[in-house]
Amino acid sequence: MLTRKRLRLGNRDLPFQLVLFAFGIVTFFPLVLVVITSFKSNTQFYHNFWLPELPLHLGNYRSAFRIIWRFILNSVIYSGSTICLIAAIASVAGYVFARFRFPFKTVLFLGFITLIMVPGVLTLAPRFVLVRDLGMVNTPFALISVWVSGGLVLSTWLMRSYFESLPQELFDAAYVDGAAEWQVFLYVSVPLARPMIATVAMTTLIGTWNDLIWPLVTITDKSQMPLALGLMQFSSDFETDWGTLFAGYVISSIPLLCVFAVAMRQFISGLTSGSIKA
Amino acid sequence: MLRRLATSPPGAKGNSARQSALPIRIWRAKWLYLALLTPVALLLIFEWLPAFSALYNSLYIWNGGKVHFYVGLEHYERMLSDRTFRVAITNLVGFVFFRVIMQTVLPFFAAEMIINLRSQRWSYWWKIIFVFPMVVPTILNYLIWRFIYNPQVGLLNEGLKLVGLGEYTHAWLGDPLTVMWALAFVRFPWLPTLQFLIILGGLQTIPQEVHESAAIDGAGFWRRLFYIDIPMTRRQITLAMILTMLFMTQRFDLFLVMTDGGPGYSSMVPALQLYQSAFHFLEFGYASAIGVVLFVAMLSLTVINLRVSAGAAND
């Protein structure tokens, strides 16, 4: 009886596999079409919409790269500095909130976490006026300062819960060995918190890499634009030059693809853990 | 001396703190305050200040500069009679409703099928495959779907011609009747990564034994779905729904990139109207008032949603 059930369960996968396979195909179809079209000239594209066609027009990639590289570089710089700053500031703040008792601690911490409920759309307009009056429009500071402060809210919370979960004996051992507080933080706590720091870095990367609206209102200088905004500009400049347009799309997906390939696990856990704890 | 939290013996909590007066305790913690100075300053300047500025300036006529005078609740009254705003709210409600269902049902079924596979290796690969589209920058999702809906050389119209339904080709984004539907289906077969992973995580925590005993009791796929899997992942489903709701209410980059609210006002949403009021018409006061209304709506929807799901869980 049981063996028969086992056997039946054995090919139970087949219908699911078929549905998933169909689903996978429709998921990847637009992407594949974009890649195919990126190698075509406009005549080839209008003449033959669906299928790849020789000769391949690699020149599309050359002309797209000439414009896109600048945006990618900008985004790497902006997102990179934001990630470093958030990791540093949130580790320190999380450590202080997790390990010490001091007056007004609760009030200060509430000052962090209640901001989770404040949506970006509420603060958009007044924040722009503020940043403009501080003279930061069209400088990287407009992006980095706001991204850092926005990201700190969740990151500090995540770092605090992580440091709280570390066992007390660990710290006692370090203190007994004569370590100063900063040494305990830098040489014991931070190395242990590496997985959480990676999570914070990933969340920040995705958020800043894809942010369109804030750069749109603060950056008008083309040479300063991050990737998301640059792509919007690029797509209207090359509106009907489909090959170049799609080559640019392919190129601009490569950076996150590399991160995804190298750190897939972190990528996935970074996305979920941030929100599941919330 | 810094006062470490956990080094005081258990039970003596707070005793040592009461020994000295507040100013002394504050002085002792000076290094801690110094360590918190940067984040607190950043949050005060770039988060709290704009938030209160929005509340305050929603009562003013303000061009973002020198023109600034008190009008009380006039902006809120104006919203009641603003036809654009009414269209925007109607659009948003329908859009959010549709997206919440789609972005919950679709990932749920995908996740359900993936964890049902007996081959662990395939499970793993399907998971990667469906998460993959997230390497594409968000703006490219919109730009690719703008290409799909393109009236001249769009993927959708070309596909219709290919299967002989050429008479149904359409300017999907250019027609007030179809534009909201077209927008609702942006990114359609692609799973929402976050919601997918949350629901998948929930389904994975259901112990194998529960499924095995259900199978022995003769429960098929659908029975198991409705009596085990959905009830046991209610928390994750609620979270996925709340997240979709909050994203869709405040993110307007989709509308901005695809249609900019057009044709006419037929695909306007409140967040986009806020953006246009502030940055096209320099009505920062009215924009702030729309922001306040959205904030209150999102807050109350979240609370209601949490209450309902908590209530259902207690039954």
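For residue B:66, the aspartates and glutamates whose Cα falls under 20 Å of its own Cα, not counting residues fewer than eight places away in the same chain, are A:133, B:74, B:283. The mean count of C-beta atoms from other chains within 10 Å of the C-beta of residues in A:127-138, rounded to a whole number, is 3. Answer rounded, prolate or oblate for the protein assembly as shown, using the Cα gyration tensor with square roots of eigenvalues a ≥ b ≥ c: rounded when a/c is under 1.5, else prolate when a/b is larger than b/c, else oblate. Here the protein assembly as shown falls in the oblate category.
If you take the beta carbon distance between residue B:102 and residue A:26 as r and set R0 to 22 Å, what does 1/(1 + (r/R0)^6) give as a FRET efficiency, to the nearest 0.05? That pair, residue B:102 with residue A:26, gives E of 0.95. In the protein assembly as shown, a dipole from Cβ-located charges (positive for Lys and Arg, negative for Asp and Glu) runs towards its positive end, and of A:254, B:211, B:226 it is B:211 whose Cα lies farthest in that direction. Distances between placed amide hydrogens fall under 5 Å for residue A:100 paired with B:5, all partners being 5 or more residues away or on another chain.
In a simple Cβ point-charge model (Lys, Arg +1; Asp, Glu -1; nothing else charged), the protein assembly as shown has a dipole of about 1480 debye relative to its Cα centre. Taken one residue at a time, the phi angles of region A:156-165 give Karplus couplings (6.51, -1.76, 1.60, θ = phi - 60°) of 4, 4, 4, 5, 4, 5, 5, 5, 5, 7 Hz. Gly and Pro are set to x.
Taking B:243, B:272, B:140 as the candidate residues, the one with maximal mean-square fluctuation in a Gaussian network model of chain B, Cα springs under 10 Å, is B:140.
Largest GNM mean-square fluctuation across A:254, A:197, A:219, computed for chain A with C-alpha springs under 10 Å, falls on A:254.
Taking region B:47-67 and a reference point 7 angstrom along Cα→Cβ of residue A:104, the backbone N atoms nearer than 17 Å belong to B:48-49. Ellipticity at 222 nm from helices only: DSSP H runs of n ≥ 4 in chain B, each -39500 (n - 2.57), divided by the residue count, give -20000 deg cm²/dmol.
Given their separation in residues at 0.36 nm each and the Cα-Cα distance between them, residue B:216 and residue B:232 gain 3.9 nm when the chain is fully extended. Counting Lys and Arg as +1 and Asp and Glu as -1, what is the net charge of the other residues whose Cβ lies under 15 Å from the Cβ of residue B:137? Taking every Cβ under 15 Å from that of residue B:137, the sum is +1.
GNM remark for chain B: springs join alpha carbons under 10 Å apart, and the peak mean-square fluctuation among B:123, B:81, B:20 falls on B:20. Sequentially through region A:42-51, phi angles give Karplus couplings (6.51, -1.76, 1.60; θ = phi - 60°) of 4, 4, 4, 5, 5, 6, 9, 5, 8, 9 Hz, Gly and Pro residues having no value and appearing as x.
What's the FRET efficiency of residue B:93 with residue B:124 using the Cβ-Cβ distance as r and R₀ = 60 Å, to the nearest 0.05?
So the FRET efficiency works out to roughly 0.95.
Multiplying the residue separation of residue A:222 and residue A:35 by 0.36 nm and subtracting their alpha-carbon distance yields 64.7 nm. Using only the Cα atoms of region B:185-275, build the gyration tensor, take square roots of its eigenvalues as a ≥ b ≥ c, and label the shape rounded, prolate or oblate: rounded if a/c is under 1.5, else prolate if a/b is larger than b/c, else oblate. In terms of gyration-tensor shape, prolate. Taking 7 Å steps out from each Cα toward its Cβ at residue A:236 and residue B:55 produces label points 3.6 nm apart. Here's the picture: charge each Lys and Arg Cβ at +1 and each Asp and Glu Cβ at -1 in region A:26-128, and of A:48, A:95, A:64 the one pushed furthest to the positive end of that dipole is A:95.
By definition, a body whose alpha carbon gyration tensor gives a ≥ b ≥ c is oblate when a/c is 1.5 or more and a/b is not larger than b/c, and chain A fits this oblate description. Distant-in-sequence amide contacts of residue B:60, defined by a placed amide H-H separation under 5 Å and a gap of 5 or more residues or a different chain, comprise B:71.
Along region B:239-244 the Karplus relation, 6.51 cos²θ - 1.76 cosθ + 1.60 evaluated at θ = phi - 60°, assigns HN-Hα couplings of 4, 4, 5, 4, 4, 4 Hz to successive residues, with x for each Gly and Pro.
None of the figures in this text is laboratory data; all of them are computed from the coordinates on show. What you see is a predicted model; the values in this text were computed from it and never measured. Positions of Cβ are backbone-derived with ideal geometry, glycine not excepted, and every protein chain shown enters the neighbour counts.
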